[in-house]
1. If I ask for residues that are polar (S, T, N, Q) and either closer than 24 Å to D232 by Cα or open to solvent by 60 Å² or more (accessible area, probe 1.4 Å) (or both), which ones from the stretch 157-186 would you list?
2. Answer yes if at least one residue in the stretch 104-115 is more than 19 Å from T235 (Cβ to Cβ) and in contact with a Phe, Trp or Tyr (Cβ under 6 Å, 6 or more places away or on another chain), and no otherwise.
3. Consider L238 carefully, then state whether it is at pLDDT 95 or above, in a loop (DSSP other than H, G, I, E, B), surrounded by fewer than 24 Cβ atoms within 10 Å (Cβ to Cβ) and more than 11 Å from the chain's Cα centre (by Cα).
4. Of the residues D151, D190, D145, D139, which single one is surrounded by fewer than 24 Cβ atoms within 10 Å (Cβ to Cβ), under 29 Å from Q221 (Cβ atoms), at pLDDT 95 or above and acidic (D, E)?
5. Looking at D209, is it in contact (Cβ under 8 Å) with a residue 12 or more places away in the chain, crowded, with 24+ Cβ neighbours inside 10 Å and charged (D, E, K, R)?
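The values are calculated or read from the model by the stated rules, or taken from the named source; none is laboratory data. As the structure is a computational prediction, the values presented were derived from the model and not from experiment. Here the Cβ positions follow ideal geometry from the backbone for every residue, glycine too, while neighbour counts run over all protein chains shown. The accessibility values were calculated without ligands, DNA or RNA, using every heavy atom of the protein model including side chains. Shrake-Rupley method; radii C 1.70, N 1.55, O 1.52, S 1.80 Å.
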Amino acid sequence: MTDREFADYLKESRICGEVATARENNISHMHGFVEGNEHLEFGVKWTRDWTFEQVFDLMAARVGTSADPDFLEGVDTISAEKCIAALYDYARIFGEAVAGKKKLLFATGHPAGLFPIYAELARAARAAGASVLEIQEGDLFLDGDIRQIMDVVMFEQYGNLQHTHFPGPMQLALAQLAQTGEEPDLVIADHGMAGFAASAGLATIGIADCNDPGLFVSAEQGQILVAVPMDDNVTPHLYQPIIEFILTKAGLL
């Protein structure tokens, strides 16, 4: 698949292009981030002050959301070209870590969408000789606990794997690993789990939606190494070409 064909696929699947997340939701989340909303801060430590206008411009530049400040309702966009450019960096960093037999930690706050991506990357990393770090499941978080399924750390509550923006599960996992003298060389994650790891000074690569400004601010601040813009909750099978792209460019397929 050429990059042009890949871009067409991303738009057809609505991973990019005109996505499901409404413009009004994107705008609301930009305001929420600068106002310190606990669900939108993503564990990102600010290294400078951020205004709504600055975050608005950043999202247009890094994600491809509309740059029109008067456009407040309707269908917003994610640039397929920006997504692919970021995926090249993502795959390169991941591939270098695997080739170097580095210690990797995978985590997601979006188990219903992104989990298959990380599970496949973890499987390929193990097969190539990299070390995928394991945690002890069951540390309590809110009314649930942290789990690790197919090498991916997630948050469980009331018997269900939960969509969460909170950094807490990553904080617990890293604290647990530190007690055993382990620290990941690369964290592969999203949402608050990626934001917290990057702010803690760990090499981190992440995925974020157009209503998740935190990781793009982290990237702009030089914390997270790359934040890939894409819809993070389409049906999982639609991510298969992305998995294949990453593994191919990383030299693992």
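1. Q157, N160, Q162, T164, Q171, Q179, T180
2. Here is the first cut: in the stretch 104-115, the ones more than 19 Å from T235 (Cβ to Cβ) are 104-107.
Now drop any that are not in contact with a Phe, Trp or Tyr (Cβ under 6 Å, 6 or more places away or on another chain), which leaves 106.
There is at least one residue in the stretch 104-115 that is more than 19 Å from T235 (Cβ to Cβ) and in contact with a Phe, Trp or Tyr (Cβ under 6 Å, 6 or more places away or on another chain).
3. Against the criterion (at pLDDT 95 or above, in a loop (DSSP other than H, G, I, E, B), surrounded by fewer than 24 Cβ atoms within 10 Å (Cβ to Cβ) and more than 11 Å from the chain's Cα centre (by Cα)), L238 does not qualify.
4. Numbers: D190 fails: surrounded by fewer than 24 Cβ atoms within 10 Å (Cβ to Cβ); D145 fails: under 29 Å from Q221 (Cβ atoms); D139 fails: at pLDDT 95 or above.
Testing whether each residue is surrounded by fewer than 24 Cβ atoms within 10 Å (Cβ to Cβ), under 29 Å from Q221 (Cβ atoms), at pLDDT 95 or above and acidic (D, E) leaves just D151.
5. For D209, the condition - in contact (Cβ under 8 Å) with a residue 12 or more places away in the chain, crowded, with 24+ Cβ neighbours inside 10 Å and charged (D, E, K, R) - is met.
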